[in-house]
Amino acid sequence: MRKILIRILSVIVVILALVGISFMTSGEIMGDVSQTTTVEVKDGVASPATMEGSSFTLEEDGEYVVYLKIENDSEGLITGFVVYDEAGDIVFFSTGEDLVVESTDLKLKAGDYKTEFRFITNEEELSQLIKEGKGEYYSEEEYAFTENGTFNVTMEYNVKEAGAMNIYYLLGVICGVAVGLAFVALLVYLTRKMGGKIDLECKKGAYDERQLLARGVAYKYAFFTLMIGMVIIALMEEIAGIRLFMSMTGVWIMICISLAVFATICILKDAYMSLYENVKGVVIMFSAVGILNIAIGIGNIVDGTSLIENGVLSVRCTNLIVGLLFLYILPVFIGRVIYNNKQLEEDEE
């Protein structure tokens, strides 16, 4: 238990050091700006048609990133966000009804910049903005603009140096990691108090030679499962235009599937549990982790959190995915234990 606590503290110290570095490297040009407005559309004309945003100044040439979030309480109105340089040229633009977007690294020169919002009510205005921004307009189906209506639009945006990290995001990650590690340490402690044994230290000689060979086979199949899964994700997007899994969450799903393959093979070959673990410990640990993640995932759904953002799976799906992984492995493990016990009883008879 002492070794686990030392490792947890070491991880937290490393993360805190990274945060300190991020404080020195995070270049915030324009802090988080939030604007809200009500747009009235009558006979296809928006009022206001445009709205001025915050301006900012770049002290030197370099690469910068623009973050934008737009929320609209009704369908039928497109909001365009535009960034102009001193010459009045568009250096960045994005459009959408509801969207969260972070630009690629933009090479911008030193100078003054201004931002503007355009409230677009027809295809002509949309294509005109895209033409001004020297972009390409593509749509699988024509957007259904509303001729008459009221729209409450909220816009949030900021500008930072490329590579800069949001300190609040980092602090959130740190808190999450610290709470997760503390939960694991507490769970291991309670598991051992209840007579369970769980090995998180990867002790030498934990698996015999037969188990090591079986685990080697499991690693191989898990690796190929992951590789094939990644290829399938890429082909789905390239051939069928399905982008649902083109995110870190999509990659995480493939990782969890490969872990399920690894665990299944190890369990069926009696190579899953080490010499320093027992059935009770594995069942308690897997049940707790699985139920907790399922609960968080269901909580996100109940709260109305969107599990799909910009056409791809949101990071909010990860808890549900992890929970399903553990709740899949658990019955497979218990089933194998029951089977082994029956075989043992039959051999004794």
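The values are calculated or read from the model by the stated rules, or taken from the named source; none is laboratory data. Note that the coordinates shown come from a computational prediction; the quantities given were computed from them, not determined experimentally. Neighbour counts run over all protein chains shown; Cβ positions are idealised from the backbone, glycine included. For the accessible areas, the whole protein counts, side chains as well, though only heavy atoms, and no ligand, DNA or RNA atoms are used. Shrake-Rupley method; radii C 1.70, N 1.55, O 1.52, S 1.80 Å.
So TYR169 clears everything in (1) closer than 30 Å to LEU58 by Cα; (2) exposed (fewer than 14 other Cβ atoms within 10 Å of the Cβ); (3) modelled with pLDDT of 75 or more except one condition, right? Which one? TYR169 satisfies every listed condition except (3). For the stretch 210-229, a tally of residues being in contact (Cβ under 8 Å) with a residue 24 or more places away in the chain and under 15 Å from VAL261 (Cα atoms) returns 11. Applying the set (1) surrounded by 18 or more Cβ atoms within 10 Å (Cβ to Cβ); (2) out of contact with any strand residue (DSSP E or B) (no Cβ under 6 Å at 6 or more places or on another chain); (3) of a type in the set (Lys, Arg) to LYS69 leaves exactly one unmet item: (2). One residue stands out in the stretch 202-232 among those that are open to solvent by less than 70 Å² (accessible area, probe 1.4 Å) and not small (Gly, Ala, Ser): the one that is farthest from ILE253 (Cα to Cα), namely ASP208. Among the criteria (1) at pLDDT 90 or above; (2) open to solvent by less than 40 Å² (accessible area, probe 1.4 Å); (3) closer than 23 Å to GLU309 by Cα, the one GLY44 does not fulfil is (3).
Name the pairs: first residue in the stretch 304-331 and on the phi < 0 side of the Ramachandran plot, second residue basic (Lys, Arg) and loosely packed, with under 14 Cβ neighbours inside 10 Å, Cβ to Cβ under 8 Å, at least 6 apart or on different chains? Pairs that qualify, where the first residue is on the phi < 0 side of the Ramachandran plot and the partner is basic (Lys, Arg) and loosely packed, with under 14 Cβ neighbours inside 10 Å: there are none. Of all the residues in the stretch 265-276, those that are open to solvent by less than 30 Å² (accessible area, probe 1.4 Å) and over 8 Å from PHE333 (Cβ atoms) number 3. A search for C-beta distances below 8 Å between a residue of the stretch 39-63 that is of a type in the set (Asp, Glu) and any residue that is open to solvent by 90 Å² or more (accessible area, probe 1.4 Å) and in a strand (DSSP E or B), counting only pairs 6+ apart in sequence or on different chains, returns GLU52/LYS114; ASP61/LYS107; GLU63/LYS107. Listed by position, the strands (runs of 3 or more DSSP E) contained in the stretch 54-165 that have at least 2 residues being touching a Lys or Arg at 6+ places or on another chain (Cβ under 8 Å), under 29 Å from GLY241 (Cβ atoms) and modelled with pLDDT under 90 are 99-102.
Evaluate the stretch 274-290: report whether one residue or more is aromatic (Phe, Trp, Tyr) and in a helix (DSSP H, G or I). Yes, that holds for at least one residue.
Taken over the stretch 280-322, the criterion of being within 15 Å of the chain's Cα centre (by Cα), among the hydrophobic types (A, V, I, L, M, F, W, C) and open to solvent by 60 Å² or more (accessible area, probe 1.4 Å) is satisfied by ILE296, ILE308, VAL315.
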